[in-house]
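The structure under discussion appears below in the form of structure tokens.
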Amino acid sequence: MTHSEESFKKIIAHAKEYGYIFPSSEIYDGLSAVYDYGPYGCELKNNIKDYWWKSMVRMHENIVGIDSAIFMHPTVWKASGHVDAFNDPLIDNKDSKKRYRADVLIEDYIQKIEDKIDKEVQKAAKRFDNFDESMYRQTNARVLGYQQKIDEIQSRFVSCMEKSDWEALKDLIDELGISCPVSGSKNWTEVRQFNLMFATQMGSVADGADTVYLRPETAQGIFVNFLNVQKTSRMKIPFGIAQIGKAFRNEIVARQFIFRMKEFEQMEMQFFVRPGEEIQWFEYWKSERIRWHESLGIEKAFFRFRDHEKMAHYANAATDIEFKFPFGFRELEGIHSRTDFDLKSHQQTSGKKLQYFDPETNESYVPYVVETSIGLDRMFLAIFSYAYTEETLEDNTVRTVLKIPPILAPVKLAILPLVRKDGMPEKAKEILKDLQYSFLCQYDEKDAIGRRYRRQDAIGTPYCVTVDNQTLEDNTVTIRERDSMKQERIAIENIENYLNTLLKIKI
Ligand code: GAP
């Protein structure tokens, strides 16, 4: 097992042990690629949603939110192209009988070459002091060679995907000599396409039930409501509509924990603009969204943009914000300039005008759209995996701490009586009562204070207040900060202000 595989396993185990994420229906051995969020998990998820919603909707006067239904008229998915073209290419290994996504096999192959580049760079950094010119040239040549190989594979891969040319994709897998991780064999079937939408029946079958779909993205609920929202909220272009909600995709290959799920949540925003102004707004949203990620205090090196070289037929600019997950850089958020494709297609299919009358130009037109789309669960995984830290302390013990940005942390404050006597529990409960409406607080009196601090570290609580003998005399407490473990004394009456200041964030 590689170092990163091992640390990813620890992260998954920690998420379960501390009530963040459980496998769905675990007592029945789970359900592939479906997960439940536990008490701390649902708090973290709600805090991420709240942070996104506030920064998108509350901080922009020209963005409003909606909550559209998961079920939509089945023709929506015909018009959007999902019925005909929302497919994954699947391939089976004839020996292991295991099924894979052909595109993911190639992505993993590319990741392995990227890992080799990382290793070369790390090796060079270690030998920095006696790194002579010939070593430099050799390293450089190897890195360039790897990069060239990646570029060649990427360009063929993108072309296969764009054209849905599954024969060429199978040729690429054969040529690269990709083998099945289970059997080790290269005995593959042809690549077949598989539609990702879940279908179900609405109405009784006897009455001639209609096939309806569980929405595979939240965006279409925004497009079909475009005029309803524009008129009722009296929005003028440019303006946006935001939505957070569940999406469903029949992902056949369960991988990487909550990175690829069958039931997940998206936080999407469609920004409607004048035709011709979409590229400038695309650039605007690119920089806004990366600023949002960086505002949470995650190192910049953990993010990168991956601009799409070849665009889908409806897009004229597209980029992914990739995050360095424990298994490598992968897509976290997509930003797309989708032209007028979706609105036009719905206009044509429904026969209803989806046009905006622009009072400034006295013209009616179908607006262009710039979309930002982030997976809530992927954002959760990014935050959680970045936060998970094992630290060796001065006394050689190891503490496991979740360094979750305080604004997102599930429990903001733990209130701990130093001992279970002398009126300390009563005093601590008074503080709890005072603060629990404003912040999610936790009262804990069991075990020695050191163990209680460790428990709070492990769930990521940024602040712990301890009630001790001095508290009973002068109404002050110690407040301990999770990451530095530093403590200071403050008056009980100042705790709320103190936390409000620390939890404030400039979006
Ligand atoms: N409306 C555009 C759209 O849905 P997408 O790239 O298919 O675009 C957007 O999805 C985001 O949704 C991705 O960047 C990712 O964060 C998240 N996402 C997509 N499929 C997912 C899955 N199976 N499990 C978890 N998150 C997923």
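The values are calculated or read from the model by the stated rules, or taken from the named source; none is laboratory data. For clarity, every value in this text was computed on a predicted model and none was experimentally measured. Cβ coordinates were reconstructed from backbone atoms using ideal geometry, including for glycine residues, and neighbour counts include every protein chain displayed.
Tabulated results
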| item | result |
| --- | --- |
| Wholly enclosed strands (runs of 3 or more DSSP E) of segment 1-85 bearing at least 1 residues more than 16 Å from the ligand (Cβ to nearest atom), under 30 Å from Gln456 (Cα atoms) and free of Cβ contacts under 8 Å to residues at least 40 places away in the same chain | 21-23 |
| Selection status of Glu322, in contact with a helix residue (DSSP H, G or I) (Cβ under 8 Å, 6 or more places away or on another chain) and within 25 Å of Ser159 (Cβ to Cβ) | no |
| Where a residue in segment 241-254 is in the same structural domain as Leu31 (by TED's automatic domain parsing) and its partner, wherever it lies, is among the polar types (S, T, N, Q) and more than 10 Å from the ligand (Cβ to nearest atom), with Cβ under 6 Å and at least six apart | Ala254/Ser32 |
| Helices (runs of 4 or more DSSP H) completely within segment 401-507 that count 2 or more residues being among the charged types (D, E, K, R) | 424-435, 449-459, 469-474 |
| Arg378 surrounded by fewer than 19 Cβ atoms within 10 Å (Cβ to Cβ) and in contact with a strand residue (DSSP E or B) (Cβ under 7 Å, 6 or more places away or on another chain) | no |
| Search result, residues across segment 185-203 that are more than 15 Å from Ile91 (Cα to Cα) and over 27 Å from the mean Cα position of the chain (by Cα) | Thr200, Gln201, Met202, Gly203 |
| Filtered residues of segment 237-295 (kept if among the small types (Gly, Ala, Ser) and either near the ligand (Cβ under 10 Å from one of its atoms) or in contact with a strand residue (DSSP E or B) (Cβ under 9 Å, 6 or more places away or on another chain) (or both)) | Gly240, Ala242, Gly245, Ala247, Ala254, Gly276 |
| Subset of segment 340-363 (residues that are surrounded by 18 or more Cβ atoms within 10 Å (Cβ to Cβ), among the charged types (D, E, K, R) and either outside any loop (DSSP other than H, G, I, E, B) or more than 32 Å from the chain's Cα centre (by Cα) (or both)) | Asp342 |
| Subset of segment 296-316 [within 14 Å of the ligand (Cβ to nearest atom) and modelled with pLDDT under 95] | Arg306, His308, Met311, Ala312, Tyr314, Ala315 |
| Hits in segment 364-393 (condition: within 14 Å of the ligand (Cβ to nearest atom) and either without any contact (Cβ under 8 Å) to a residue 12 or more places away in the chain or part of a strand (DSSP E or B) (or both)) | Val369, Val370, Glu371, Thr372, Ser373, Ile374, Gly375 |
| Qualifying residue in segment 452-474 (condition: under 19 Å from Tyr40 (Cβ atoms), free of Cβ contacts under 8 Å to residues at least 12 places away in the same chain and in contact with an Asp or Glu (Cβ under 8 Å, 6 or more places away or on another chain)) | yes |
| Looking only at segment 318-339, and only at residues there that are crowded, with 21+ Cβ neighbours inside 10 Å and aromatic (Phe, Trp, Tyr), the one that is farthest from the ligand (Cβ to nearest atom) | Phe325 |
| Condition met for Trp292 (among the aromatic types (Phe, Trp, Tyr) and more than 15 Å from the chain's Cα centre (by Cα)) | no |
| Selection status of Ala301, among the aliphatic types (A, V, I, L, M) and surrounded by fewer than 19 Cβ atoms within 10 Å (Cβ to Cβ) | yes |
| Yes/no for His346 being at pLDDT below 95, away from the ligand (no atom under 12 Å from the Cβ) and out of contact with any strand residue (DSSP E or B) (no Cβ under 9 Å at 6 or more places or on another chain) | no |
| Single residue of Gly203, Gly184 found to be more than 16 Å from the ligand (Cβ to nearest atom), on the phi > 0 side of the Ramachandran plot and either of a type in the set (Lys, Arg) or not assigned by TED's automatic domain parsing to the domain that holds Leu169 (or both) | Gly203 |
| Criterion violated by Thr361 - all others in (1) within 14 Å of the ligand (Cβ to nearest atom); (2) out of contact with any helix residue (DSSP H, G or I) (no Cβ under 8 Å at 6 or more places or on another chain) satisfied | (1) |
| Failed criterion for Glu61 (all others in (1) surrounded by fewer than 18 Cβ atoms within 10 Å (Cβ to Cβ); (2) not assigned by TED's automatic domain parsing to the domain that holds Phe226 hold) | (2) |
| Residues being at pLDDT below 90 and not in a helix (DSSP H, G or I) - total across segment 100-132 | 3 |
| Of all residues in segment 303-330 being free of Cβ contacts under 8 Å to residues at least 40 places away in the same chain and among the acidic types (Asp, Glu), the one that is farthest from Pro275 (Cα to Cα) | Glu322 |
